[in-house]
Each structure stands twice: as structure tokens, then as C-alpha cells.
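Here's the structure, in C-alpha cells; my notes come after.
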Amino acid sequence: MEFTSATQPTMYFIGVTTTKSSIMKVFPLWAEELGLKDAVIKGIDIEIHADPQKYRDTVEFIKNDKLSLGALVTTHKLDLYNAARRSFEYLDTYAEMFEELSSISKKDGRLEGYAKDPISSGLAMENFIPENFWKEHGGEVLIMGAGGSALAISSYLMKKEHGDNIPSKIIITNRSRERLDSAKAKLDGMHPGVKLEYYLCPEAKDNDEVMKNMKPYSLIINATGLGKDRPGSPLTDGCLFPENSLVWELNYRGDLKFMVQAGEQKEKRNLFIEDGWIYFIHGWTQVISEVFHVDIKGEKLERLEKLANSLR
């Protein structure tokens, strides 16, 4: 991979199809609102599960280039951590716990890595999950995909601070055994009150089979990436969503077939459907805050959300 030294304060977006992301239009508005003079964003596209050297080269470039200030990482959070963790002088608790990175920044001459998803996913869920939802209904959670987002969402839902307002069960499915085993090793025992189950589901019909046995008032999540960078859904068109449930598509762009499938059953199964837009906003503002060392909360966050919504 070839890199060109930044000539102005630059934040990078490390992903797969970065030019298609709304952040490319949103960032200039946010930078102006935050007073980030001359700041720009650039995408770095890397194929899924790339050669580890590509991740190391990318991190080392950002580390050593003066005006390259940091990056948000999506899709590659686990692979980048495993390949390049030794380049970092500081890793936060979540990064080390889940062995993933979503944020790269610099502070006092050191390269810092953070896993921001447990925070941003929690903020997003607080936006649409009704208060005391789990306590009142005893529902379950199905997370299809065992990557960084699945770990973050699970850890948030099992936080001790939630008391007895926790899911009765969290089920994680994945197409590959390795990721599934890794998730199990990191999540088991986190909360004794939540039962955890893991299923190898190499085909969409396997996820259908798992979901058809779930309780009403559950939360069904597409955390596979299917429907964004790659077309399709982790479910077949013959799937059956549990009644009175919440359906969360972590993507906000792409063919969003998972959302289409849920939409077809919305009235009959009484589903509430949420896309990944609020997750997108919290995910980016959390990382921008680290990269540019600016506080983004309260009214400032509300102004950024309004600016982003104006372009949607």
C-alpha cells in the first residue's frame, strides 16, 4: 500500500467502501461546527480479512505522519488489533478486553487505541429500547455476527449497572467457528444472570432456525455487515421474527435486505425497526472527540446530529 503525507490535519476512515459513507459529506459540516480549522477526512479501503501487513503499514503511516491525526476503524476492528497492537503505546480497557480497535488517535507523543463501540452502541440502544424493556418482558437477544459490534452490544446489555433490567438470554451466531469461539471466550461469565448461547450458522437458513424459537419481546440484530459492503441478509425470505420485538439493522446504507425482510412482517408481528443511523452518529462523534481532543456532548452533540440529519 502507498500513502501520501498529509498536508493538513487529517482523520482517516479505515473501511471497505469508505467513499459511499455519509461521513464524507457530514465531516466537513461537523469540522466547521467544531472549529477544526483545515481538518479533512480521507478513506482507506482495505479488503475484508486482509494480509496483516496491510494493517500494520496503515497504522505505522498514521503513527509517523505528523498531520495524520488518527482514524475510525470499521469492519477491520479485530483484524487490525491482532495485526498492529504492538504499534500502540496505549490501549484502553475495552480494546484489551475485546482485542479490537475502532479508534486510533495521538496524545502527548504516543499512539492510542480505543474500542469505542461499547459506548456508542449503548448510546444508540438507549435511543430506541424502551425503559425497563427487559425487566417487564423477559425477552432475549439474537446477534447475527460475532465481530466487534456483537461483543460491544453484548457487554453493554450485561452491564452490572442495569440491575435486573437485562435480557434473559443473549444468542450469538456466526458463519465461522473461530470468531464464535473467540466471542465465547470474551463474554462467558461477564454476567451470571444472563444465559449466553453460541451457534455456528454457515447459511441463512441456520439463522432462521435459531430465530424461530425465540421469545416475544426480543431484540434481533444484524451485525454481520451483510446489506452494506456486501449485498444480502443473514436471514432467508422465509424467516419468522418473534412477535412484539425490536429489530436493529446496524447498517444505514446498502441494500438493507434485512430491514426489508423485517418491514414485510412489521404489521403482522408488531415489530419496531431501527437502522444504524444513530449508531453511526455516536460512533463517529466518539472517535472524532479522541482524534481532535474536543468534547462532544449535550447541546454540541445535538447540533452535530441536526447537521447530519440535514444531509440524510
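Remarks
- Among the listed pairs Lys159/Lys266; Lys212/Lys266; Lys42/Lys228; Lys42/Lys63; Lys54/Lys106, those beyond 23 Å (Cα-Cα): Lys159/Lys266
- Taking each residue as 0.36 nm, the span from Tyr199 to Lys268 lengthens on full extension beyond its C-alpha to C-alpha distance by 22.1 nm.
- Structural size metrics of the range 9-88, computed from C-alpha coordinates, are Rg and Dmax of 13.0, 38 Å.
- A 1.4 Å probe run over the protein chains yields, for the chain, 45 Å² of accessible area per residue, whole-number rounding.
- With a simple spin-label model that places each label point 7 Å from the Cα along the Cα-to-Cβ direction, the separation between Ser5 and Leu307 comes to 3.0 nm.
- Relative to the Cα centre, the charge distribution of the range 166-312, modelled as +1 at Lys and Arg Cβ and -1 at Asp and Glu Cβ, gives a dipole magnitude of about 80 debye.
- Spatially, the range 28-74 and the range 125-141 are offset by 36 Å when compared through their Cα centroids.
- Per-pair calculated FRET efficiency, R0 = 41 Å: Asp108 and Asp237 via Cβ, rounded to 0.05: 0.15
- The distance from the alpha carbon centre of the range 251-302 to that of the range 162-185 is 21 Å, rounded to a whole number.
- Point-to-point label distance, Met24-Asp45, nm (Cα→Cβ direction, 7 Å offset): 0.8
- Figure legend: label point modelled 7 angstrom from the Cα of Lys135 along Cα→Cβ; residues of the range 208-244 with amide N under 19 Å from it are 217-219.
- Cα Rg, Dmax (largest Cα-Cα span) when computed across the range 2-54, Å: 12.8, 38
- What a 1.4 Å probe finds exposed on the range 55-200 is 45% carbon and sulfur by accessible area, rounded to a whole percent.
- Added length on full extension, which subtracts the Cα-Cα distance from 0.36 nm per residue, Arg86 to Lys215: 42.1 nm
- If only the Cβ of Lys and Arg carry +1 and only the Cβ of Asp and Glu carry -1, the dipole of the chain around its Cα centre is close to 120 debye.
- Solvent-accessible area assigned to carbon and sulfur over the range 259-309 amounts to 47 percent, based on a 1.4 Å probe.
- Rounded to whole Å, sorted largest first: equivalent-ellipsoid semi-axes of the chain, Cα gyration tensor: 32, 21, 19
The values are calculated or read from the model by the stated rules, or taken from the named source; none is laboratory data. All values derive from a computational prediction rather than experimental measurement. Glycine also receives a Cβ, built like all others from the backbone with ideal geometry; neighbour counts cover every protein chain displayed. With ligands, DNA and RNA removed, areas are computed over all heavy atoms of the protein, side chains included. Shrake-Rupley method; radii C 1.70, N 1.55, O 1.52, S 1.80 Å.
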